[in-house]
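This report concerns only the one structure given below.
The values are calculated or read from the model by the stated rules, or taken from the named source; none is laboratory data. Please read these numbers as outputs of a predicted model, since none were measured by experiment. Please note: Cβ atoms are built from the backbone with ideal geometry, for glycine as well, and neighbour counts cover all protein chains shown. Areas reflect the complete protein model, heavy atoms only, side chains present, ligands, DNA and RNA absent. Shrake-Rupley method; radii C 1.70, N 1.55, O 1.52, S 1.80 Å.
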Amino acid sequence: MKKSLTTTQNPGSHYNRSDQLHDQSIVIPANPSKLINLADSFEKKEHSWFITSHVPTDLTVQVQEITFNVHKYPLVSKCGYIGQLEFQPSISDFGNDLKELKLENFPGGPETFEMILKFCYGLPVDLNPNNIAPLRCASEFLEMTEELEAGNLISKTESFLTLVVLSSWKDTITVLKSCETLSPWAENLQIVRRCCDSIAWKASRENTTKNADGEQWWFREVATFRIDHYMRVISAIKAKNTRPEFIAKCIMHYAERWLPGINVEFEGLRGYGIGRNDLQFSILSNRKEEGGYGHSQEQKAIIESLLSVLPPQNEAVPCKFLLQMLKMAMMYSASPALISELEKRVGMMLEDATVNDLLIPSYNSADQGKLVKSPEERTMHDIDVVQRIVEYFLTHEHQQQEKTGKSNVSKLLDNYLAEIAGDPNLSITKFQVLAELLPENARACDDGLYRAIDTYLKTHPSLPEHDRRRLCRIMNCEKLSLDACMHAAQNDRLPLKTIIQVLFSEQVKMRTALQGKESAPNGNNSEQEGNHASTDAEIKNLKAELENAKKQMAELQSDYSELQQEYEKISSKQRSVSSWSSGWRKIKKSFHTKSEANETGEGQQRPNSIGGRFSFRRRSSMS
């Protein structure tokens, strides 16, 4: 709370401190209560503030850009700081001595000093929550103590602050907002601390009553605080053992107000089209429009502060909000330790996430969060972050020895893979590593994984054959549904070996289904008679569908035979037979074997239905 004083000196003048209160230029009333007679009226002209009086003014006080022409005695009688100063006189236009004073770093500025003057001249001053904090700080600056006069401004403002303001919720919030421009005076006078403690006490009571309307109002009001004052309030609330859910809601409201774009949904390639090189997200546009680098530093400070006070309980903070904060933290290059902690927390709650939540744009941290515009450098989405999150999830699941969330996470990961597979810049290695993170028993069905692989092959048509085989080895053909098998059997993007495995798997599934129907228990005779007609219809439909599948396999076998003959012709001209030709013979032999096996089981009758209806349909695409 450094005070500074600037006085104007006149080298030709001589001034004695004993003349402070007995200057010949003014007449000091015998009764101090008549000081009000010195001020007939107040006038403001441009950057000057005048007291019109029959007694000439003898002091000019400059506060910031405003100059106040006043009498010295009213200020000296109530302000100990001004009474201790050694003034250097100068000659005014009227021939009398005129003292000049400049107050630097004056709390509250010219508006507050104007109210101080009115108080010193005995005029009424209206104390209210908007001006009480500046007046309290200004009175401390000027040392307006009880030693100079009973009922001086320090005691009056302190009483109003303690008895009136701190007993009211709204008034306390108003005073705390006004303290944002009064540092460090408001801090040193404990105004901020007392306001924060009062708000925290009232918030703890509001939290106990669980009044939803009151909570919403309180969240909105507290969200208007500057981040340092907000942190003081949150710290005080946490010290009152307030519910973590209440604190989390308060933090979420503050983030929505001060972090523009936090609620923006990233729809990935669906919203922008496959192959686009430069994604212009609205969140980045907003950041550019609102202040550049300085604004980025402010946003970074807010993000790091909010993350440091997040309740540690997982049930208190939604996974969606954690991922929103993770995106913002990465965009504004927040502390790596905080980002790592966020990733771990998301990993422990991964089963609650959605695909859009995991679509984290790929930012260049060296360039303050701007999107990399060169598609050769990085992918559209940050795959590494999601990989770390899944690894944290697996570690947490292993420690807890719980497998309940894995089915949900496997579907989530497969859908995420299908989303990022449309990125032409995604390398096959990153795709494969992410797809193989989950253990083999985590997926009950590989349909989602097949869809992701098919999307990747469609986006990368020039992928070499060995890379296609490498990619298809990720999925287990035995875990594909019948519909997926039918789609894969007609998918020319898949390698030949994979198609054969799919066809074999499809045949095994059909045979198992038939055997299951044969071995099903007869059950109640009356029920069997009632369902006899529907069972016969199912059997007929199933036989027809099996016949169609056999025809498709026969056509494929014929194509393989023609291809083998062509190859043998070429090989005979070169007078050598390669191992590849013998491989085709093995394939042909296996197809003959499978065909004979189908014929032996074709005419078997099944006495009951297993309750499911198999439909084998050709599909040009699979969702």
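Given the pairs 72/118; 327/458; 156/202; 320/344; 102/156; 118/156, which span a C-alpha to C-alpha distance of over 19 angstrom in this model? Beyond 19 Å between Cα atoms: 327/458; 156/202; 102/156.
Summarising the label geometry, the points placed 7 Å from Cα in the beta-carbon direction at residue 220 and residue 65 lie 3.5 nm from one another. Whose amide H sits under 5 Å from the amide H of residue 148, counting only residues 5 or more places off or on another chain, with H placed in the peptide plane? The answer is none.
Rounded, prolate or oblate: which fits the stretch 126-220, taking a ≥ b ≥ c as square roots of the Cα gyration tensor eigenvalues, rounded meaning a/c under 1.5, else prolate when a/b beats b/c?
Verdict is prolate for the stretch 126-220.
Fully extending the segment from residue 148 to residue 193 would add 13.4 nm, taking 0.36 nm per residue of separation and subtracting the current Cα-Cα distance.
Accessible surface of the stretch 301-365, 1.4 Å probe: 54 percent of it comes from carbon and sulfur atoms. Reported value for the stretch 54-208: 111 Å³ per residue, from the convex hull of its C-alpha atoms.
Overall, the stretch 425-516 carries a charge dipole of about 120 debye about its Cα centre when +1 sits on the Cβ of Lys and Arg and -1 on the Cβ of Asp and Glu, all other atoms neutral.
Accessible surface for the stretch 393-502, divided over its residues, is 44 Å² per residue with a 1.4 Å probe. Relative protection proxy for 321-329, 58-66, 481-489, from highest mean packing down: 321-329, 481-489, 58-66 (other beta-carbon atoms within 10 angstrom).
Here the stretch 56-184 is treated with +1 on each Lys and Arg Cβ and -1 on each Asp and Glu Cβ, and its dipole about the Cα centre works out to around 320 debye.
Give me the Kirkwood hydrodynamic radius of the stretch 440-492, using the inverse of the mean 1/r over all pairs of distinct Cα atoms, in Å to one decimal.
Mean inverse Cα-Cα distance, inverted, gives 11.6 Å.
Highest mean packing first, where packing is the average number of other Cβ atoms within 10 Å per residue, the peptides 105-111, 380-386 line up as 380-386, 105-111. The modelled label-to-label distance between residue 158 and residue 356, using points 7 Å beyond Cα along the C-beta direction, is 5.7 nm.
In order along the stretch 112-122, phi translates into HN-Hα couplings of 5, 5, 4, 5, 4, 4, 4, 5, 5, 7, x Hz, rounded to whole numbers, per the Karplus curve 6.51 cos²θ - 1.76 cosθ + 1.60 with θ = phi - 60° and x for Gly and Pro.
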